Structures are given as C-alpha cells and as structure tokens.
Amino acid sequence: MVGRRRVAGLAGFTILGMAAATGCSSGSGSNHETSAVAPSTGSSVSGGSSASPTAGTPAALARFYDQKLDWSSCGPAKCATLTVPVDYADPGGATIKLVIDKVPATGHRKGSLVVNPGGPGGSGVDYAAAASEGYVVRKDVHSSYDIVGFDPRGVQRSAPITCYDDAQLDTYLGADPTPDTPAEEQQVAAENKAFGKACLAKNGNLLRHVSTVEVARDMDILRAALGEDKLNYLGKSYGTLIGSTYAGLFPQRVGRFVLDGVVPPDITAEQENLGQAKGFEQATRAYVRDCVAQGSCPLGSSLDAGMTRIRSFLKAVDAKPLPVTGQGDVKELTEGWATMGIAEAMYDKSSWPVLTDAFQAAFNGSGNKLMALADQYASRNSNGTYSGNIMQVINAVNCLDRSSPSSLATYRQEAAAFSKVAPTWGPMLAWGGLVCGEWPVKATGKPEKITAAGSGPILVVGTTRDPATPYEWSVQLANELANGHLITRDGDGHTGYMMGSTCIDNAVDDYILNGVVPPKGKTC
C-alpha cells in the first residue's frame with residue numbers, strides 16, 4: 001500500500017499535526033472510567049440506529065466485543081488497551097493488546113470520532129493526542145466528539161513489528177533505490193530478502209496477521225468497546241484504506257465517515273506505484289515552478305532546467321554521497337536518503353522553502369539539511385534512534401495486502417515504463433515493489449472494489465496535486481462507493497482537511513457535526 005518506504009516506496013502518511021508520544025499506559029488508576037459511563041448519545045449523529053454496540057456479534061468473538069475500556073490518564077489524553085485475537089479464524093487462540101487513547105470532547109458530547117493518520121504504520125495514539133493542541137480536527141468538532149486514536153496491530157505500542165535495530169535500519173533505508181546494473185539489482189533483491197527474513201524470525205505468526213482487513217475488524221471491536229452503535233471515523237491517506245475496508249465489511253455500522261487522500265482498495269501494487277510516481281512527479285514540478293518564480297532558485301531558471309538538475313543531483317549522489325555530520329551512524333547522504341528528503345517536502349507546501357535551502361547546501365557540498373528532511377520522513381532522530389516503527393511495519397502490511405512478483409526483469413521493465421511518464425520518481429517507485437516480491441509471507445489480500453452498499457453517506461476528500469495519493473484515486477473511490485460524495489481541494493500537498501483551506505474545513509465539519517453532504521462537484 002501507500003507507504004513511506006519499501007527500500008524505495010513512498011509514504012502516504014500524514015505528518016501535519018503529529019505530536020510527541022503521549023506515554024500512554026494501560027494500567028488502571030485514579031482516573032479509572034469505562035466506556036459504559038458515557039455511551040454514545042448519537043443515534044442521530046450516526047444516521048440512526050436502534051442496535052446495541054454488540055448486536056449481531058458472532059458468538060466466538062463475544063468476549064472481545066463485550067470488553068469495557070479501563071481508562072487512565074496519559075498526558076493530554078486518557079489511555080486504555082483493547083484485546084483482539086491475533087487470528088480471526090482462531091478467536092480462541094493467541095491475543096494481542098492494542099493501545100488506544102482519547103482526548104475527551106470539550107463541550108456537549110455527541111460521541112466518539114476515531115482517527116487514523118495513515119502509513120501503514122502511523123500512530124493513531126500520537127495523532128489523536130495532537131487534538132489537545134488544536135490539530136487533527138477543528139475546535140467545533142472536538143467540542144462535540146471524543147477524539148480517539150489507536151496504534152493498529154503491529155504499530156508502535158501495539159505488539160510492534162520490528163525487524164532491524166536502528167543501525168541496520170539506517171543501512172537498509174540508505175541503500176540504492178535505483179539499481180543501474182545487474183549486480184546492483186541482485187544486491188537490492190538480497191537486501192530485501194534479508195529484511196523479510198529478519199522480520200519473520202523476530203515476529204513469527206504475527207507477521208501473517210497485520211493486514212488491513214484485520215485492522216478494520218479490530219476497529220469494529222473498538223467501536224463496540226467505545227459504546228457506539230455506529231463508527232464515526234476520519235482516516236487520512238492509508239487510513240482511507242482502513243476506512244473503506246471497514247465500510248465494506250460493516251456497511252450498516254458506518255456513521256460519519258471522512259476518507260481524505262484516498263488509497264483505492266481495487267488497485268494493484270503496480271498501479272499504486274505508477275500512480276505515486278506520477279503524483280510525486282507532478283508535485284515536484286509544482287515545487288520547481290514555484291522555486292523558479294521566487295527568483296534565485298538554485299535549481300535553475302526554468303521548470304525543465306530545475307527537474308533536470310534534481311535528476312542529475314540524485315545520480316551524482318548515487319555515485320558519490322555527500323558528507324553529513326551529527327547523524328549518529330549515518331555519515332553520508334546517499335541517493336536513498338536524499339530521495340526521502342526531497343519526498344518529505346512534497347507533503348506540505350510550507351516545506352518548499354526548506355527544501356530549496358537544503359538543495360543550496362547540498363550543491364555547496366553539505367548533505368546535512370537534506371538529511372534532516374529525510375529524518376522527518378523516516379521518523380528518525382538525529383542521534384540515529386527512531387521514534388516509531390513505521391519504516392519496518394509498513395512493509396509487513398503492504399506485502400500482506402498486495403502480492404508482487406519476484407522477477408527482476410519485471411521491475412526493470414516497469415522502471416523503464418514508469419520513467420516515460422515520471423522520469424524523476426518512476427524508477428525508484430518501480431523498484432520499490434521488490435520488497436514484497438521477496439517477502440517471506442504470502443499475501444492474504446487482493447485488489448477488490450468496495451461499494452459499501454447500505455452505508456450512510458461517506459465523504460471523500462481529494463487534493464488535485466497530492467503527491468502520495470493522487471487526486472484520481474479519490475475520484476475513483478467516490479464513484480465506486482454506493483453512497484460516496486467527493487469534495488475537491490484544488491491545491492498542493494498531501495490530503496485536504498486541516499491543510500489551510502477554510503472551504504474544505506467548513507464542509508468537512510458541517511458533515512461531521514450535522515450530516516450535511518456537500519453539493520455534487522464542490523471544489524475549494
């Protein structure tokens with residue numbers, strides 16, 4: 001799926017508004033409460049339902065659906081744990097605990113709004129906690145809803161998938177993302193195979209059970225534990241795939257649903273990689289055009305010159321990495337790290353001046369500023385530690401959700417084909433799929449159209465120059481959903497809500513708070 005990295009794959013993870021870890025713990029304490037204290041008052045909020053939160057639950061899963069959440073204070077939020085089966089086909093077998101948090105509604109409470117920032121591998125716990133500082137949703141929504149996040153299975157606090165230590169991960173992420181010779185191709189294949197082998201050795205059976213379908217089923221158990229008969233949800237980027245998957249499984253339990261920056265459930269791995277290649281190419285062209293317009297652009301005086309300069313720079317760094325300092329074990333800015341630094345700036349237009357400054361420094365011989373951008377992309381600290389496991393679990397999720405071929409010839413052909421429409425990003429995104437081609441666990445998912453027939457209205461938000469989740473993907477899902485409604489943000493950067501458009505924000509808020517669906521064709 002849309003990801004931060006597959007050795008070369010790029011992220012759909014939303015960074016804006018992320019806060020520091022909340023330090024959640026699951027133990028009971030003086031602030032103990034359960035979800036039964038304040039059940040949802042929101043039959044009208046969720047579109048009307050007289051069913052109880054556990055209605056229709058299979059008997060084998062009843063013990064999971066009957067859980068009461070034991071909340072305790074954790075910084076700006078309250079935290080708890082939720083027990084779910086590792087394997088839904090064997091609910092009497094092994095279980096894991098998911099860490100969840102909520103930032104309580106500040107006014108008259110209508111219910112809970114579950115949020116997810118994407119990834120795969122983004123921490124919903126950190127994301128929800130950021131609502132306490134005015135991020136994630138606007139104040140009227142926060143006034144009416146508890147903002148609830150969870151770290152999905154395999155992510156950060158919830159039985160985290162880890163394969164490499166920090167130093168090994170540095171080496172893996174900094175590796176060559178665009179092999180140019182048969183020997184380099186074999187090297188990339190060997191690196192990916194070694195990574196997958198380490199993941200299986202360290203995580204065992206859990207590696208077979210971190211698919212998006214399983215995360216969506218976990219989310220329905222969370223809905224019941226929150227006391228909600230319907231799920232209200234805001235998912236961004238990969239979080240839209242969790243949301244659409246949930247809607248397909250449980251259409252009658254869909255409440256107010258916002259899917260922002262869509263990953264369609266029915267595209268192949270190749271289609272996804274090509275779509276992202278085009279998206280990042282378009283975004284980079286928009287950046288260069290802006291850089292040239294600002295004057296004194298270090299990339300040159302025209303769009304074509306600037307794009308050519310970026311490509312020649314990446315080739316030069318591939319041949320001779322730039323020195324970096326103060327970055328732990330990383331001493332050089334390789335093509336892999338440079339690519340991540342450039343990609344990071346594509347997610348938010350406010351980062352474009354930072355990238356321009358980083359390019360200027362790089363052209364003067366220092367890789368420090370581009371490496372700092374790469375650190376942000378990888379959730380990496382400058383001392384060489386990582387603040388989460390997104391760069392590892394992302395592959396585990398992606399490779400379960402979609403199968404990819406192992407033939408090097410296939411990726412070589414895709415790289416050539418992608419280059420014709422995305423000369424800067426095409427080769428890297430093509431070769432990025434090889435990690436799943438070498439993955440030791442067979443994919444359990446496949447591309448599949450979801451209509452969620454019988455659901456309430458689902459609001460889909462698309463941004464016209466979104467690098468990671470191209471606008472066409474939002475159009476596609478909105479058309480495929482039986483009750484999908486598209487709203488368009490004409491702009492740059494990844495996702496639309498809380499990205500500076502008052503028009504988009506007002507429309508999303510009106511839908512979440514009042515159920516008002518924007519008029520067809522609404523563009524902001």
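The values are calculated or read from the model by the stated rules, or taken from the named source; none is laboratory data. Please read these numbers as outputs of a predicted model, since none were measured by experiment. Positions of Cβ are generated from backbone atoms using ideal geometry, with glycine treated the same way; all protein chains shown enter the neighbour counts. Surface accessibility is based on the protein's heavy atoms, side chains included, excluding ligands, DNA and RNA. Shrake-Rupley method; radii C 1.70, N 1.55, O 1.52, S 1.80 Å.
Counting Lys and Arg as +1 and Asp and Glu as -1 over every other residue whose Cβ lies under 12 Å from the Cβ of ASN116, the net charge comes to -3. Once the mean of 1/r is taken over each pair of separate Cα atoms and inverted, the chain shows a Kirkwood hydrodynamic radius of 23.0 Å. Between region 243-273 and region 299-351, the C-alpha centres lie 33 angstrom from each other. Relative to the dominant Cα principal axis of the chain, helix 238-249 is inclined by about 40°.
Given a 1.4 Å probe and the protein chains as shown, THR171 ends up with an accessible area of around 100 Å².
Helix 335-346 and the long axis of the chain differ in direction by around 50°, with both axes built from C-alpha atoms.
Ranked highest first by average number of other Cβ atoms within 10 Å, how do 151-163, 399-411, 183-195 line up? Walk me through the numbers on the way to the answer.
On the way: 151-163: 24.2, 399-411: 19.5, 183-195: 17.1.
Sorting 151-163, 399-411, 183-195 by mean packing, highest first, produces 151-163, 399-411, 183-195.
Inter-part distance, region 445-524 to region 154-180, computed on C-alpha centroids, equals 32 Å. For the chain, the mean residue ellipticity at 222 nm estimated from helices alone is -12500 deg cm²/dmol, where every DSSP H run of n ≥ 4 contributes -39500 (n - 2.57) and the total is divided by all residues, rounded to the nearest 500. Centre-to-centre separation between the Cα atoms of region 107-138 and those of region 392-441: 31 Å.
Could you check what % of the DSSP bridge pairs in the chain are antiparallel, to the nearest 5?
Expressed as a percentage, antiparallel bridges in the chain total about 40.
Remark: region 346-502 carries 34 Å² of accessible area per residue (probe radius 1.4 Å; ligands, DNA and RNA excluded).
Pairs exceeding a 24 Å alpha-carbon distance, out of LYS202/LYS236; LYS320/LYS349; LYS68/LYS230; LYS78/LYS202; LYS110/LYS449; LYS97/LYS449: LYS202/LYS236; LYS320/LYS349; LYS78/LYS202; LYS110/LYS449; LYS97/LYS449. Among 501-510, 330-339, 79-88, the peptide with the highest mean count of other Cβ atoms within 10 Å heads the list, and the full ranking is 330-339, 79-88, 501-510. Here the Karplus relation 6.51 cos²θ - 1.76 cosθ + 1.60, evaluated at θ = phi - 60°, turns the backbone of region 403-413 into coupling constants of 8, 9, x, 9, 5, 5, 4, 4, 6, 4, 5 Hz, with x for every Gly and Pro. Only protein heavy atoms count here; under a 1.4 Å probe, LYS315 has an accessible surface of about 150 Å².
Computed from the Cβ-Cβ distance with R0 of 45 Å, the FRET efficiency linking GLN186 to ASP90 stands at 0.70.
What percentage of the solvent-accessible surface of the chain, computed with a 1.4 Å probe over protein heavy atoms, is contributed by carbon and sulfur atoms? Kindly include the intermediate steps, with their values, before the conclusion.
On the way: 9250 of 18220 Å².
Using a 1.4 Å probe with all protein chains present, the chain comes out at 51 percent carbon and sulfur.
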